[in-house]
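Every number here is computed from the coordinates shown, using simple stated rules; none is lab data. Please read these numbers as outputs of a predicted model, since none were measured by experiment. As a convention, Cβ positions derive from the backbone with ideal geometry for all residues, glycine included, and neighbour counts pool all protein chains shown.
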Amino acid sequence: MKQVAGKLKLELAQFAELEAFSQFASDLDEATQKQLARGTRLREILKQPQNSPFSVAEQVALIYTGINGYLDDLEVSDVKKYSASLISYITTSKQSYIDIVGSTNQFTEEAETLLKEAISESKEIFAKNG
């Protein structure tokens, strides 16, 4: 978890600072707007369903997806739906990812490769089904 979420704390701190600053600014440059949008998406993926927390492997998958910009092209309102879709896809089609992360407690290169495949494939499915 530390390996993947290391940047998360920094990104969220920068986001909070920018968010506070942006309340007083009328025109923001594109980079600032993108950082604000990513921060909003990161907040969304950190929200877990009540009484059914995500496993460590699922949390790692969602944080990795957010930190590495795979959610940047989604509307904020679609982030929750896509997160559920990704978790469902990993559970059904990429069980080996969950096995690797769950058994070794490591985010190995193989796990990362499987996760990248899962993200790519699930985004295609999500785009078709909306």
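Each label was represented as a point 7 Å from its Cα along the Cα-to-Cβ direction; for Lys7 and Lys34 these points are 1.2 nm apart.
Arranged by the count of other C-beta atoms within 10 angstrom, fewest first, what order do Phe24, Phe54 take?
In increasing order of surrounding Cβ atoms, one gets Phe24, Phe54.
Extent along the principal axes, Cα only, for the chain: 48, 33, 31 Å, with the longest axis given first. Taking each DSSP H run with n ≥ 4 as -39500 (n - 2.57) and averaging over every residue of the chain yields -25500 deg cm²/dmol at 222 nm. Near Val60: Cβ cut-off under 11 Å, other residues only, Lys/Arg at +1 and Asp/Glu at -1. The net charge is -1.
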